[in-house]
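The block underneath contains the structure these notes are about, expressed in structure tokens.
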Amino acid sequence: MFSGKQTKPTFKSYLPPLQTDSKKSPQLPIKKLEAKLLPGEIVVNEANFVKKCISTESCQDGLWGKLVCTNFKVSFIPHNSLPLQRFQCTHRLLGEHDISLACVEQVVTVNDVKGKQKILGSNQKLKFNPTELILYCKDFRIIRFRFDEAGPESAKKVCLAIAHYSHPADPQLLFGFEYVGKRYHGSTDETVNGIDPGGGLQTPLFDCSSDWDREIKRTGASEWRVCTINQGYFISPSLPEFFVVPVSLADQDLKQYACCFYSQRIPLWCWNHSSGSALVRMSNISDPLQQRKVEQRISSAIIKSHPLRSDVFKSDLDKNLPNIQDIQTALLKLRQICVIEPFEESEEKWLSSLDSSRWMEYVRTFLKHAVDVVYMLESRHVSVILIEKEDRDLSCVISCLVQLMCDPHCRSLHGFQGLIQKEWVMAGHRFLDRCNHLKKSDKEESPLFLLFLDCVWQLWNQYPAAFEFTEVYLTVLGDSMWVPVFSTFLFNCPRQRAEHSRDFASSKSIHLGQDQALRFPSVWDWSQQFSLKDQTLFNNPLYVGKIATCVQNGTVKTFTHRRSKKNYSSTMRGLPSAMRNGSLGPNDTLTRRNSLMLRLRSDLSQVREQQETPSERFIRDWFSRPVDLQGLLLPQLLPSHLSVWKLYFLRWVPEAQIPQGGPITAFHKLSLLTEEIEMLQNQLRQYNGAGCTPNNPHTEHSKMYFKATSTPHQSLVPPEYLSSSFPFSPMGNLCRPGILGTPLSKFLNGAKIWLSTETLANETI
Amino acid sequence: MASAPIAPYNSSPLGISSSQNASRESLKMEPLADVAVLPGEERVIDKEIIYICPFNSAVKGKVSITNYRLYFKNTDSETPVTLNVPLGVISRVEKMGGASSRGENSYGLEITCKDMRNLRFALKQEGHSRRDIFEILFKYAFPLSHGMQLFAFLSQEKYEENGWNVYEPLEEYRRQGLPNSEWRVTFINKNYELCDTYPTILVVPYKATDEDLRRVATFRSRCRIPVLSWFHKENHAVITRCSQPLVGMSGKRNKDDERYLDIIRDANGTIKLTIYDARPNVNAVANKATGGGYEGDDAYQNAELVFLDIHNIHVMRESLKKLKDIVYPNVEESHWLSSLESTHWLEHIKLVLSGAIQVADKVSSGNSVVVHCSDGWDRTAQLTSLSMLMLDSYYRTLGGFQVLLEKEWIGFGHKFASRIGHGDKNHADQDRSPIFLQFIDCVWQMTKQFPTAFEFNERLLVVILDHLYSCRFGTFLYNCESARESNNVRVKTVSLWSLINSDTSLYINPFYTPESSRVLYPVASMRHLELWVTYYIRWNPRIQHQQQSPVEQRYKELLALRDQYLKKLEELQLSDSTPSSTHLTNSSAPNAATPNQHITHLQTPF
């Protein structure tokens, strides 16, 4: 399907470009520059003698090479690569200078001689020959290419190709289909592309009833069952085939209720608290006549499933949280101040600009709402239903955050991945629309998943030892949304995946064999993207869950924290606390004190006058106790205690990079120590005869990225390549439109256009 | 009932350390409720009182006032509420309400503290019940205003280490490679005759005679002539510090001063000497009206002048005041970031840090610099000490940091007494300003950006700031060396470093990795500067108070675990001398407790 569009470069010059500046003249050895192609990937267009700008200040410094547009990526193949940056983890699907087309947010062409600039969409014409191409990326990078020495025609063509191919007209034009489809094209290799979805993965995908059964068992939700009425997606188009409902609801009832809900989304069970309280998510009831009746039936079924027959609390998310457009607007503003505005000029107003983006405020709002839900589950012992119009956006964030705070299992790597499978992928978060992979409707685009990752990062930042993974993991997970080969982020719901892959298979005459659908790799198959060594960057050396070991009488005991099922009567003791509040003394003293307050001077007027609410009290009580990292975790919600996720948002900004600094330097030392401890454990095991591990304690299966090297003193010092951006490098990845050459105002203007994505139209300036 | 558990750490930097030392010294202690009193501390009054906790309701309890502290403990609830406040932190005591005030708890005392909090107490209205406690507090909180001595002079504390010995000027200069053929040590200020706010030992250009120095002194505000602060061993560039030249309205010149600066320039063959004037340009100009000014282009031809735009003590005082308004008692929740920006506190931090970065960068590229502001004891001290911290890894050790403070701040006459107002009742004194706090904040920002580069931890910085106000130690008392000498501070008081160095383990950063030759350049950008919440927002009980950062704590736990394993292995080795032990022969140093040594074990061939 791509072959029809493939064009051959019309102009090819084997002469080196004119040497304008002797010092910076590119040394061009005559060598063939070829893009590395993946199975199913084809070259669409290319241009030679292109310069990639690598520093912010000017485009004087740059790399010379070939710019290639394929059906998967924009690839730049330099003649001379940069000095080897050995720290960069190499992406298996994308090279150092590659950008996947799905990651390209906006394609801007510039002719600085004519002072023209145009934002290119799909199937467009370009009336001028571009001298420059700027790619604004969804992951906050800004990449610039100069065509001063490239043939004007080939420059134009490659720009148009990039613009066209980054706006696929149909989901099946997303590269993942070709990539996966290759697997079935009579290949002899059993594991083409190494795709191994599910198999060998320890992460439950929740696409079969056994995963749900295990989850029910794990959380002790004995009064809940797996429901299979949606097999074949006959009941609801956006629900998974398997989900969990109260045992007291029969399939017949559910089928009957289904039509009352928005998109026939029957309430879904998410998780059970150890007290027996359930977390349930549900869409609005669309039929107003049935609303009360159905709500009552659902509620009473949930109450029946609670061992204490506790009540149900309904949490209306649409009312309490920002909507998806608000969140999108916040991210665009955040992007504006992080990477587009000139660094120095925006310093003075950085905090207030950050404030006005409202991103941090939204992060806080979501965390706060999750804490409120946790309070209901943990302290009031009631079940909670999260209600959202469609139950496909805000609920995903809140239900995950609640489980992360309550359930230490979710803070392990596989637990976390399973959580995302359960609450995002299977529950039908519209990844295709929210990522706007097709760049069809900007109104549907919203970075909910990134907002969720930021919320997780805030928790991680406050309790780093409670999570098995690192912030590098969270960052890379966010980036993976823009690699369009993973089933995880390509579709709006499981049904859509099934349908598209069936259609694609039949249109390509692919015989699926035993498979029900094309087997897209899951993002959790990290080997698709990274080597085992690079994957060790995901392992948190601080994590308690795995290293909670101690030595007893010469034996190494490993304590695995098992979710202890609490005795219900003992947790009951917590109940009266809620009642105790409100009626007692403090209220009276406070009201009487108000008279005094009025007379106090201004600096005392801030004294909090209102009575603490029970949930505030619950939070304060929790904070007055030492933290149990394997227990409930509540985030500190004061705005002063939330931070900007610098690794994600500022990693490309050269000015913000701390060379040989940042938290990674402490992490480095921790890794070395953890590594050593693991080795000692192995030695002890050998002594104790339990030495099932062979005599190679220092295997390459080490869990830490950093290892002590053979030169002891060097290894202590943080390696030179560490920086606050590690493992990413701002070099060549953030080239703001420079002030040189073109009037600054014009570029700021351009940036604004980029911001208001509705006007992403065709006007040429 | 709802109560306010003030987390123990709230008051612990002062409380904990005292009790620990007490037990070590096994001195007889008279218990003061829960807290052991210090040797020399005497109880003055006990009183039933109501503490009006800003985070909750009123708490009934008993307050005890000694000549060192105010201690409060509640009596009305099993949840303990305590306050342990050295009187030195009090900047203002006021009566609130009158005998006829209506409403409960409307009659009492209000205490404003220097460490970002206020305290309010209520008493019974009958019989002038607050009169005695008010008078006692007023007297003991401000002893100097009442002809009494600061507690540091009454304290009988004894420590294993004598902190007064941490800094020996000659030894420190020798460490830097001084004197040498370019720079000499002069004792011209032996009796504080050249400059009464400078230390006795100064390092000046070899080519400048004592007579030159005297003549230069006439042209520098308060005779604070340019003297050496730091010497770069490789490129021989120097940091020198001084006060502003006395140029005045008429634009006076002084040949000796001009020649003197040129000698400094010439000492390592620098082509242009860079003069960093810490002030904003306009302020420097305005100073001409009062006889000051800056080095003009005409007069100092081989010098370039750079203004660093750092504001004066009054601006900083107001900035901190605004910061206190948004963090105490409650954190401003709506538009926090904008509120924070409007205090300008971080912006000032940024300017100070970026000034120091410029100084450090200049010096490491081989150019000598002169740093001054108006008098050369506030912004100048910030700039020289911070740039030295960036340039010289020695100052990033626990001991080196003490030397840095002793030298650049205490020795060169930062006016601690005036800036802090130790024991002085005049809370509105325009001389007060949080310059030193601002410096410590800058250091904290650096430790955040380089978690492995400093031997000391955050706790040290907090303890230093607590004792900046407490008046328990003599370290930060008085404005300059001559005043300290005439008051016999080194004999009559204990140094803060005695406390610190007697139990250094509390203040060690486990991540510290010595890197002797590395120049640290922090990124002085709002993107990285953070509000130091563990200091500025530590009184809020809604915040979990961690003794140390969770990462640091975890690292220490892992270190302990490692040692445990090593010990176990060694035991096994001893009990089992069969072949299996052969491949473990090298790992027989189980007590290698320092993180620096553990790599040796990794070298073991298996």
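The values are calculated or read from the model by the stated rules, or taken from the named source; none is laboratory data. Fair warning: this is a prediction, and the values are worked out from it, not measured in the lab. Heads up, the Cβs are rebuilt from the backbone with ideal geometry, glycines too, and the neighbour counts pull from every protein chain shown.
Quickly run through region B:424-454 and pick out the residues that are part of a loop (DSSP other than H, G, I, E, B) and crowded, with 21+ Cβ neighbours inside 10 Å.
Once the filter is applied, which keeps residues that are part of a loop (DSSP other than H, G, I, E, B) and crowded, with 21+ Cβ neighbours inside 10 Å, region B:424-454 yields B:SER433, B:PRO434, B:PHE450, B:PRO451, B:THR452, B:ALA453, B:PHE454.
Over 23 Å from B:VAL519 (Cα atoms) and in contact with a Pro (Cβ under 7 Å, 6 or more places away or on another chain): which single residue out of B:ARG224, B:ARG220 fits that description?
Just a single option satisfies the conditions, and that option is B:ARG220.
I'd like to check something: does region B:136-147 contain any residue that is at pLDDT 95 or above and not in a helix (DSSP H, G or I)?
Yes; the residues of region B:136-147 include at least one that is at pLDDT 95 or above and not in a helix (DSSP H, G or I).
Find all pairs meeting these conditions: Cβ atoms under 7 angstrom apart; at least six residues apart or on different chains; first residue within region A:413-441 and under 26 Å from A:ILE216 (Cβ atoms); second residue crowded, with 23+ Cβ neighbours inside 10 Å and among the small types (Gly, Ala, Ser).
These pairs meet every condition: A:GLU423/A:SER399; A:GLY428/A:SER238.
Would you check if B:ASP277 is touching a Pro at 6+ places or on another chain (Cβ under 8 Å) and surrounded by 15 or more Cβ atoms within 10 Å (Cβ to Cβ)?
When the stated conditions are applied, B:ASP277 does not pass them.
Considering only residues that are buried (at least 23 other Cβ atoms within 10 Å of the Cβ) and either outside any helix (DSSP H, G or I) or without any contact (Cβ under 8 Å) to a residue 24 or more places away in the chain (or both), which ones fall in region B:456-476?
Result: B:PHE456, B:CYS471, B:ARG472, B:PHE473, B:GLY474, B:THR475, B:PHE476.
Within region B:231-265, how many residues turn out to be farther than 24 Å from B:ILE357 by Cβ, touching a residue at least 40 places away in the same chain (Cβ under 8 Å) and surrounded by fewer than 17 Cβ atoms within 10 Å (Cβ to Cβ)?
The total comes to 5.
Within region B:506-527, identify whether any single residue is within 30 Å of A:SER643 (Cβ to Cβ) and assigned to a helix (DSSP H, G or I), and answer yes or no.
The answer is yes, given that some residue of region B:506-527 is within 30 Å of A:SER643 (Cβ to Cβ) and assigned to a helix (DSSP H, G or I).
Scan the helices (runs of 4 or more DSSP H) fully inside region A:345-424 and keep the ones with 1 or more residues being among the β-branched types (Val, Ile, Thr) and over 20 Å from the mean Cα position of the chain (by Cα). Don't jump to the end; show me each part of the working.
Values: elements: A:350-357, A:359-378, A:394-406, A:413-420.
In region A:345-424, the matching helices (runs of 4 or more DSSP H) lie at A:359-378.
Each row is one residue, and each column tells you yes or no for (1) crowded, with 24+ Cβ neighbours inside 10 Å; (2) of a type in the set (A, V, I, L, M, F, W, C); (3) under 24 Å from A:VAL644 (Cβ atoms).
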position	(1), (2), (3)
A:GLU361	no, no, yes
A:THR365	no, no, yes
A:LEU377	yes, yes, no
A:HIS381	no, no, no
A:ARG392	yes, no, no
A:ARG411	yes, no, yes
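Quick check: is even one residue across region B:266-276 basic (Lys, Arg), within 24 Å of B:SER354 (Cα to Cα) and out of contact with any Lys or Arg (no Cβ under 6 Å at 6 or more places or on another chain)?
Yes: region B:266-276 contains one or more residues that are basic (Lys, Arg), within 24 Å of B:SER354 (Cα to Cα) and out of contact with any Lys or Arg (no Cβ under 6 Å at 6 or more places or on another chain).
Do we have any residue at all in region A:442-456 that's closer than 19 Å to A:GLY631 by Cα, under 15 Å from the mean Cα position of the chain (by Cα) and part of a helix (DSSP H, G or I)?
Yes, the conditions are met somewhere in region A:442-456.
Exactly one condition in (1) within 10 Å of chain B (Cβ to nearest Cβ); (2) touching a residue at least 60 places away in the same chain (Cβ under 8 Å) is false for A:ILE387; which is it?
With respect to (1) within 10 Å of chain B (Cβ to nearest Cβ); (2) touching a residue at least 60 places away in the same chain (Cβ under 8 Å), A:ILE387 is out only on (1).
Only one residue in B:VAL315, B:VAL352 is β-branched (Val, Ile, Thr) and surrounded by fewer than 19 Cβ atoms within 10 Å (Cβ to Cβ), so which one is that?
Result of the check over B:VAL315, B:VAL352: B:VAL315.
Which residue is nearest to the other protein chains (Cβ to nearest Cβ), if the candidates are limited to region B:320-349 and must be closer than 14 Å to B:PHE439 by Cβ and touching a Ser or Thr at 6+ places or on another chain (Cβ under 7 Å)?
Per the criteria, the residue is B:TRP345.
Residues checked against (1) surrounded by fewer than 18 Cβ atoms within 10 Å (Cβ to Cβ); (2) more than 18 Å from B:GLU332 (Cβ to Cβ); (3) more than 7 Å from every other protein chain (Cβ to nearest Cβ); (4) modelled with pLDDT under 95:
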| residue | (1), (2), (3), (4) |
| --- | --- |
| B:SER516 | yes, yes, yes, yes |
| B:VAL523 | no, yes, no, no |
| B:LEU531 | no, no, no, no |
| B:TYR535 | no, no, yes, no |
| B:HIS545 | yes, yes, yes, yes |
| B:ALA560 | yes, yes, yes, yes |
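Out of the residues in region A:638-651 that are within 17 Å of the chain's Cα centre (by Cα) and more than 8 Å from chain B (Cβ to nearest Cβ), which is nearest to B:ILE543 (Cα to Cα)?
First, the residues of region A:638-651 that are within 17 Å of the chain's Cα centre (by Cα): A:644-651.
Still in the running and more than 8 Å from chain B (Cβ to nearest Cβ): A:645, A:647-649, A:651.
On the way: A:TRP645: 21, A:LEU647: 25, A:TYR648: 26, A:PHE649: 27, A:ARG651: 30 Å.
Among them, the one singled out is A:TRP645.
Collect the residues in region B:393-418 that are over 21 Å from B:ASN189 (Cβ atoms), in contact with a strand residue (DSSP E or B) (Cβ under 7 Å, 6 or more places away or on another chain) and not aliphatic (A, V, I, L, M), keeping them in residue-number order.
Hit for region B:393-418 is B:PHE401, nothing else.
Could we say that A:LEU512 is under 22 Å from A:SER724 (Cα atoms), in contact (Cβ under 8 Å) with a residue 12 or more places away in the chain, among the aliphatic types (A, V, I, L, M) and surrounded by fewer than 23 Cβ atoms within 10 Å (Cβ to Cβ) here?
The answer is no for A:LEU512.
So which residues in region A:267-290 are modelled with pLDDT under 95, assigned to a loop (DSSP other than H, G, I, E, B) and in contact with a Cys (Cβ under 8 Å, 6 or more places away or on another chain)?
Passing the criteria: A:SER286, A:ASP287.
Of the residues A:SER286, A:SER315, A:SER352, which single one is surrounded by 18 or more Cβ atoms within 10 Å (Cβ to Cβ) and either among the hydroxyl-bearing types (Ser, Thr, Tyr) or away from chain B (no Cβ under 14 Å) (or both)?
Testing whether each residue is surrounded by 18 or more Cβ atoms within 10 Å (Cβ to Cβ) and either among the hydroxyl-bearing types (Ser, Thr, Tyr) or away from chain B (no Cβ under 14 Å) (or both) leaves just A:SER315.
Mind listing whichever residues of region B:499-512 are buried (at least 22 other Cβ atoms within 10 Å of the Cβ) and more than 10 Å from B:PHE456 (Cα to Cα)?
Passing the criteria: B:LEU499, B:ILE500.
Does A:GLN657 satisfy being more than 9 Å from every other protein chain (Cβ to nearest Cβ), buried (at least 18 other Cβ atoms within 10 Å of the Cβ) and of a type in the set (S, T, N, Q)?
For A:GLN657, the condition - more than 9 Å from every other protein chain (Cβ to nearest Cβ), buried (at least 18 other Cβ atoms within 10 Å of the Cβ) and of a type in the set (S, T, N, Q) - is not met.
Within region B:184-191, is even one residue more than 14 Å from chain A (Cβ to nearest Cβ), modelled with pLDDT of 95 or more and crowded, with 22+ Cβ neighbours inside 10 Å? Explain how you work it out, then say what you get.
Taking region B:184-191 and keeping what is more than 14 Å from chain A (Cβ to nearest Cβ), we get B:184-191.
Subset that is modelled with pLDDT of 95 or more: B:184-191.
Pick out the ones that are also crowded, with 22+ Cβ neighbours inside 10 Å and you get B:189.
Scanning region B:184-191 turns up at least one residue that is more than 14 Å from chain A (Cβ to nearest Cβ), modelled with pLDDT of 95 or more and crowded, with 22+ Cβ neighbours inside 10 Å.
Checking A:GLY276 against (1) small (Gly, Ala, Ser); (2) in contact with a Leu (Cβ under 8 Å, 6 or more places away or on another chain); (3) surrounded by fewer than 19 Cβ atoms within 10 Å (Cβ to Cβ), only one condition comes out false. Which one?
For A:GLY276, the exception is condition (3).
Of the conditions (1) surrounded by fewer than 20 Cβ atoms within 10 Å (Cβ to Cβ); (2) within 14 Å of chain A (Cβ to nearest Cβ); (3) free of Cβ contacts under 8 Å to residues at least 12 places away in the same chain, B:ARG527 clears all except one; give me its number.
(1)
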